[in-house]
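Have a look at the structure below, then the notes.
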Amino acid sequence: MKRIVILAGALALLATPAAAEDSLKLAIGQINNWENQAPTLGQDAGFFKKHGLALENYGTAGAGETVQAVISGSADIGGGVGVAGVMRAYQKGAPVRIIAPAFTGTSDLYWYVKADSPIKSLKDTTEKNTIAYSTNGSSSNNIVVAFVEELGAKAKPTSTGGPPATLTSVMSGQIDIGWAAPPFGLQEIQDGKIRIIARGSDVPSLRGQTVRVLIANANALKARKDVIVRFMQGYREAVDWMYASPDAVRMFAKKTGVAENLVRDSMNQFQPKETMQTDQMADLDGAIRDAVKLKFLDAPLTKEQLADFIQIPPRAK
């Protein structure tokens, strides 16, 4: 009888399903950019599984599309979102909350022309020229507005989506000045097909600001806060691994078809690890001031609004 009881207990354990992983849907603007890879490479490397999570990552054309996915609830979390655009959405009552800075500074974005273009700098542009950004509310949109408002560029801002579509538009003559985030485009620069004429860091006011963030749907954050906290633990571990392990570079190179040396050059020149800090919104006052000046915000957000809007989980001790 004792053996029968033990056997029955063992069979019951075998019949009990393993604890299910919590799932999260992530909408990521420019999903193939290096700085947006922590969810995708981290998922492949097992960092989120370690925290009991299964991520469903999918790409969008840019921040505007990402924010809409989070607002509608079709995504729990959004990545690669411009700060000014999400502040505007929050001020209008959208259920969005910042859960982490994702990129600080503007060193990773650049603007370029075809090699034979007569445009040498932003000062050469006229009202007849066009200059690209991804989608409304993105950090590339914010920078292009600053090019016009602060640096005197006269080209017409034009939404072109992601870097691959933008490059096609530039090379076919539909757009005069394209935008990109390395390592995309570095091979074309080496081959002499395109020339950089401006960088995001050319705008003084944006150099030290957190310009892109991770956002969550407010309802999802309230109902599943523990899941979001665990997501941030996995995300931070994935970022550390991306800069510590050659496996991350190899995986990214294989995934995107970019040579490993170009990936490493991109990390060193455009995306050093400190730009991907996830603990503090850098120069938040400046970001709010610029958002008002560039007409993303009608008025500055109050301290009470900011306390509700920005909910960054602390690092696990």
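Numbers for the structure displayed
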quantity	calculated
Output for the range 175-189, where each listed residue is in contact with a helix residue (DSSP H, G or I) (Cβ under 8 Å, 6 or more places away or on another chain) and of a type outside the set (Phe, Trp, Tyr)	175, 176, 177, 178, 180, 181, 182, 183, 185, 186, 187, 188
Total residues in the range 250-274, condition surrounded by 14 or more Cβ atoms within 10 Å (Cβ to Cβ) and either more than 21 Å from residue 48 (Cα to Cα) or more than 18 Å from the chain's Cα centre (by Cα) (or both)	14
In the range 166-189, the residues that are closer than 17 Å to residue 201 by Cβ and assigned to a strand (DSSP E or B)	177, 179, 180
The range 120-157, residues that are surrounded by fewer than 21 Cβ atoms within 10 Å (Cβ to Cβ) and assigned to a loop (DSSP other than H, G, I, E, B)	120, 121, 126, 127, 128, 129, 136, 152, 154
Breaking point among (1) crowded, with 23+ Cβ neighbours inside 10 Å; (2) at negative phi; (3) within 19 Å of the chain's Cα centre (by Cα), for residue 170	(3)
Residue within the range 238-247 that is under 25 Å from residue 143 (Cβ atoms), open to solvent by 50 Å² or more (accessible area, probe 1.4 Å), out of contact with any Ser or Thr (no Cβ under 7 Å at 6 or more places or on another chain) and in a helix (DSSP H, G or I) present	yes
Check on residue 116, at pLDDT below 90 and under 25 Å from residue 266 (Cα atoms)	no
Residues located in the range 51-98, provided they are surrounded by 23 or more Cβ atoms within 10 Å (Cβ to Cβ), under 12 Å from the mean Cα position of the chain (by Cα) and in a loop (DSSP other than H, G, I, E, B)	62
Filter pass, residue 161 being on the phi > 0 side of the Ramachandran plot, of a type outside the set (Lys, Arg) and either open to solvent by less than 10 Å² (accessible area, probe 1.4 Å) or free of Cβ contacts under 8 Å to residues at least 40 places away in the same chain (or both)	no
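The values are calculated or read from the model by the stated rules, or taken from the named source; none is laboratory data. Just so it is clear, the model here is predicted, and its values are computed rather than measured. Every residue, glycine among them, receives a Cβ derived from its backbone with ideal geometry; neighbour counts consider all protein chains shown. Only protein heavy atoms, including side chains, enter the accessible area calculation; ligands, DNA and RNA are left aside. Shrake-Rupley method; radii C 1.70, N 1.55, O 1.52, S 1.80 Å.
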